[in-house]
1. Of all residues in region 275-303, which are more than 12 Å from the ligand (Cβ to nearest atom) and β-branched (V, I, T)?
2. Which residue out of E438, E363, E422, E402 is under 30 Å from D279 (Cβ atoms) and over 25 Å from the mean Cα position of the chain (by Cα)?
3. Among the residues of region 219-274, which ones are away from the ligand (no atom under 13 Å from the Cβ), of a type in the set (G, A, S) and over 25 Å from Y20 (Cβ atoms)?
4. Just name the residue that is nearest to A448 (Cα to Cα) out of those in region 632-656 that are of a type outside the set (S, T, N, Q), at pLDDT below 85 and outside any helix (DSSP H, G or I).
5. From S60, S133, S86, grab the single residue that is free of Cβ contacts under 8 Å to residues at least 40 places away in the same chain and within 35 Å of the chain's Cα centre (by Cα).
6. Every residue in region 156-176 that is modelled with pLDDT of 90 or more and either more than 16 Å from the ligand (Cβ to nearest atom) or farther than 20 Å from G251 by Cα (or both), please.
7. Might you check whether a residue that is surrounded by fewer than 20 Cβ atoms within 10 Å (Cβ to Cβ), under 30 Å from V349 (Cα atoms) and within 9 Å of the ligand (Cβ to nearest atom) occurs anywhere in region 87-96?
Amino acid sequence: MNERRHIRERVESLRKTLNYHNYRYYVLDAPEISDEQYDRLLEELRQLEHENPDLITSDSPTQRVGAAPVETFGVIEHRVPLLSLSNAFTADELRAWWKRTSDHLGTSEFATVCEPKIDGLAVALTYINGRLSTGATRGDGFRGEDITQNLRTVRSIPLSVSGGAPPRFEVRGEVYLPKSGFKKLNERRAAQGLPLFANPRNAASGSVRQLDPAITAERPLDIIVYGLGWAEGTSLPSTHWEMMKVLRSLGFKTNPLITLASSLEEAQRVYDRWVQQRDDWRFESDGMVVKVDSLRMQDELGSVGREPRWAIAFKFPAVQGTTKLKDIGINVGRTGSLNPYAILEPVQVGGVVISRAALHNEEDIHRKDIRIGDTVIIQRAGDVIPEIVGPVTSLRTGEEREFSMPMSCPVCGSDVQKPESEAVHRCTNAACPAQALERIKHFTGRDAMDIDGLGEKLCAALFSAELIKDVADIYYLTKQDLLKLDRMAEKSAANIISAIRSSKERPLSRLIFALGIPHVGQEYAELLARRYESIDSLAAASTEELASLHSIGPKIAESIVAFFGQSRNLEIMQKLRQAGVRLSRHRDAASPVKTQSLDGLTFVFTGKMERFSRPEAEARVRELGGRVTQDVSRRVSYLVMGDEPGSKASRARELGVSVIDEAEFLRLLGDG
Ligand code: IVH
């Protein structure tokens, strides 16, 4: 029987280890072992349990997935109802709530806890003797659905909690789908021809309310716990803040962003900051919940109907709105692509008036069944171009018109073609003026030659005044030329000329990108600049040679060869050379040396820095030839983490991107 004891001990030890690593990975976002190592341990446990089924317990890490599908969900009565929150939409409304609360309490001396309001769905989890016993939806607040088997598949929900927990208690939190998971899920659904989810909340709710837990298990659901429902048999802390600490110590995932605020002004400051930062959060959030911290005060305040007086949701400016799609316009891009865009009845979304939105291509318009005249849902996220989510089909009158791409270019009238393998329609006229102008705009842009002051409007003005016809003409502009334009001041003209001059020294990678060779984006431009030392050597490369480069496919190789095969493009290179634009990796000994120490490196910033504002830090990186992006991906070289970082830090660690602090960043800049 010694053997038996040995097995039992091994099983227990494996469970403990697996639970610990599960917690490191899913709750703390700080794994200590690799996925393979984890899987190996899990497999060993599975094997032992298979051979000794009597040792299986409900909280074993092997038991997350595996329950059979059900016909319907059972009902769970909530012992303490799940309340909802009243809303404040303006600073005045928050102030009014603050005043009511102080009046009610008879003091203005109270602290609050500010928390992001997570856009997911509320769940109540009951633990009995340390083990997850039931998990329920909110339902009508009094009775919810029993979704225990589905919630067990959410890896950040502990199946058992450490010692020291009350014998029976219920925690409450929000189950949600991270933005990245939502995007992937919809991409997968699009590929399978399934209807898309309108937003992460619908996707989360659809995922959790699956009758088959195996489907729920495939969705990357997460939880953030925001409170205690009830507890038996222990004395509890006296504040919400302390309570959250206790829940965290029991192994629940709480929100690291929660912040104490002891005055209205402090709460307002937290809100202002979050409005700026929330695009970086991993979850969707539509507001900030403000909760009175003292639990005694919460009791004293009580609730009106289903809404507690002790909390309020201060909504963030809406990012979705509805409006009418008046028409669909067409822009001709620099590669001749016909890009449809939505012309909208102007509408306020998140404090910004929107009258245009992106519509990617014809297929996309048809897939979403968007028709001219439709009432459409539009969505704005941060600074990105607003997008159309879809039509509100219930509001159709029958007057709506389906859209189809024109057969001739709206700018030059030439034929339009759509290659079988692509989703875009293209104008076939390489000399189409729309293309020429777009190429110029692209060339001067921030990620390309970065000519300060020569923005899209000015490019268009210079182009229509026929002062420039191609990108090389920019380097032959004089101050007198610029002064011919309306409202051009002496000083700005001088600045622009000087910006044009300094752009002559940009690194080769930028020039390659700026030329706008179809399919050659920034990443490929960098790769080519590392492989070829000048435009001339790149222009001389054959398709085979290019295609043999790692990660350059035949399509890109052909596109490069075709570009340099056009005499018009070779003339442009010649004009650039004569104007003194650097066309090679190395500078002539004579030209001034400007260090480009960050060339080829990509940075993402998160959190606040001491020495720099975000735009300053980004400008420094660009000055030294580096790049800045918003999203963490494997291609990012460094994530610079300031104070109160967002979710990017953990994403970076997941992907193995180097995470550095401000001091290290300064060293890279050469300032440290
Ligand atoms: S507190 C009174 N805190 O918002 C207590 N709720 O409109 C209400 N929610 O049903 C819950 N994040 O689903 C609270 N940090 C948070 C929250 C949060 C999201 C949801 C929750 C609730 C709804 C109330």
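The values are calculated or read from the model by the stated rules, or taken from the named source; none is laboratory data. Just so it is clear, the model here is predicted, and its values are computed rather than measured. Cβ coordinates were reconstructed from backbone atoms using ideal geometry, including for glycine residues, and neighbour counts include every protein chain displayed.
1. Within region 275-303, just V275 meets the criteria.
2. E438
3. Across region 219-274, the qualifying residues are G233, S235, S238, A261, S262, S263, A267.
4. The residue in question is R635.
5. S133
6. P158, L159, S160, V161, A165, P166, P167, R168, F169
7. yes
Table: residues versus (1) crowded, with 18+ Cβ neighbours inside 10 Å; (2) free of Cβ contacts under 8 Å to residues at least 24 places away in the same chain; (3) among the polar types (S, T, N, Q).
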site: W274; (1), (2), (3): yes, no, no
site: D279; (1), (2), (3): no, no, no
site: R282; (1), (2), (3): no, no, no
site: S285; (1), (2), (3): yes, no, yes
site: M288; (1), (2), (3): yes, no, no
site: M297; (1), (2), (3): yes, no, no
site: G302; (1), (2), (3): no, yes, no
site: R309; (1), (2), (3): yes, no, no
